[in-house]
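Right, one structure below, let's go through it.
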Amino acid sequence: MYVCNPASPPDFLARIKGVVFDCDGVLVDSHDANRMYYNLIREGIGMLPITPEEEDYVHMHSVNECLARIIPPERMDEAQEVRRNLDYADIYPYIYLEDGLTDLLEALRRRGVRLGVHTNRTNTTDALLEHLEIRDYFDPVVSAGSLKRPKPDPEGVHMILSAWDLPPDVVAYIGDSALDERSAHAAGVSFWAYKNPALAASMYIPDFPTLLACLGGLPTG
């Protein structure tokens with residue numbers, strides 16, 4: 001695995017024509033927000049907060065998968081009612097853009113690189129990206145709610161490749177979880193691990209300023 005290093009940017013970086021981003025843990029730091037959201041649902045039906053193991057799970061999976069994991073089947077109708085009455089906008093103050101993200105997006109766009117999002121969020125992605133003022137960078141934005149099969153299935157990546165009319169070998173997927181890794185590999189695109197060196201990736205990115213510096217070392221023609 002290549003570790004992103006501005007002193008020796010990899011040749012494959014110059015060939016990339018499209019970059020797909022995961023949302024939670026990549027575009028945004030949302031651990032606190034996800035924990036709060038699912039704890040509010042549990043609290044609403046008189047249950048204790050989620051465990052650390054459940055917290056890791058809800059950070060990666062779709063909302064229906066998460067609820068199935070943390071809510072007993074016989075309490076699901078109650079939990080869904082609580083969920084319907086929650087205003088997700090109340091969670092926004094606990095979600096932050098990853099450091100250096102906007103500068104990286106600007107640099108990629110200047111290079112003519114297509115930008116997209118593939119996330120296991122269900123129906124909150126567009127509103128969140130609008131709130132954070134980064135929605136206009138991405139087309140398309142593919143959420144679990146628009147798919148028959150969420151990550152780790154490659155359906156979402158295939159949808160983006162089709163929208164861009166690009167082959168897999170010029171597209172990279174930036175993710176932070178095993179679900180992202182498996183989705184990228186299944187779709188045949190290069191996988192870049194963000195802040196998680198334990199994943200099987202062609203490149204490890206410790207932070208976005210480092211990736212931006214790598215881009216700065218490439219020819220612009």
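The values are calculated or read from the model by the stated rules, or taken from the named source; none is laboratory data. Because the structure is a prediction, the values reported are computed rather than measured. As a convention, Cβ positions derive from the backbone with ideal geometry for all residues, glycine included, and neighbour counts pool all protein chains shown. The protein model used for the area step is the full one, side chains on, heavy atoms only, and it has no ligands, DNA or RNA in it. Shrake-Rupley method; radii C 1.70, N 1.55, O 1.52, S 1.80 Å.
For the chain, which whole percent of the accessible surface, found with a 1.4 angstrom probe, sits on carbon and sulfur atoms? Here carbon and sulfur together make up 49 percent of the probe-accessible area. Using the 1.4 Å probe convention, the accessible area of segment 28-140 works out to 52 Å² per residue with neighbouring protein chains retained. Computing FRET efficiency as 1/(1 + (r/R0)^6) for Arg111 and Ser162, where r is the C-beta to C-beta distance and R0 is 30 Å, gives about 0.85. Relative to its residue count, segment 48-102 spans a Cα convex hull of 120 Å³ per residue.
How much accessible area per residue does segment 159-213 have, in Å², with a 1.4 Å probe? Show your work: numbers first, answer last.
Working: 2000 Å² over 55 residues.
So segment 159-213 comes to 36 Å² accessible per residue, rounded to a whole number.
Summarising the strand pairing of the chain, around 10 percent of its internal DSSP beta bridges are antiparallel.
The gain in end-to-end length when the Arg149 to Met47 segment is fully stretched comes to 33.8 nm, 0.36 nm per residue minus the alpha carbon separation. Note on the chain: with a GNM built from Cα contacts shorter than 10 Å, the maximum mean-square fluctuation among Val113, Val189, Val157 falls on Val113.
To the nearest 20 Debye, how big is the dipole of the chain about its Cα centre, given +1 on the beta carbon of each Lys and Arg and -1 on that of each Asp and Glu? Around 680 debye, computed over the chain. On the basis of the beta-carbon distance and an R0 of 22 Å, Asp32 and Leu86 show a calculated FRET efficiency of 0.90.
Loop-located trypsin sites (Lys or Arg not before Pro) across segment 139-196 with a Cβ neighbour count of 11 or fewer within 10 Å are Lys148, with loop assigned by DSSP.
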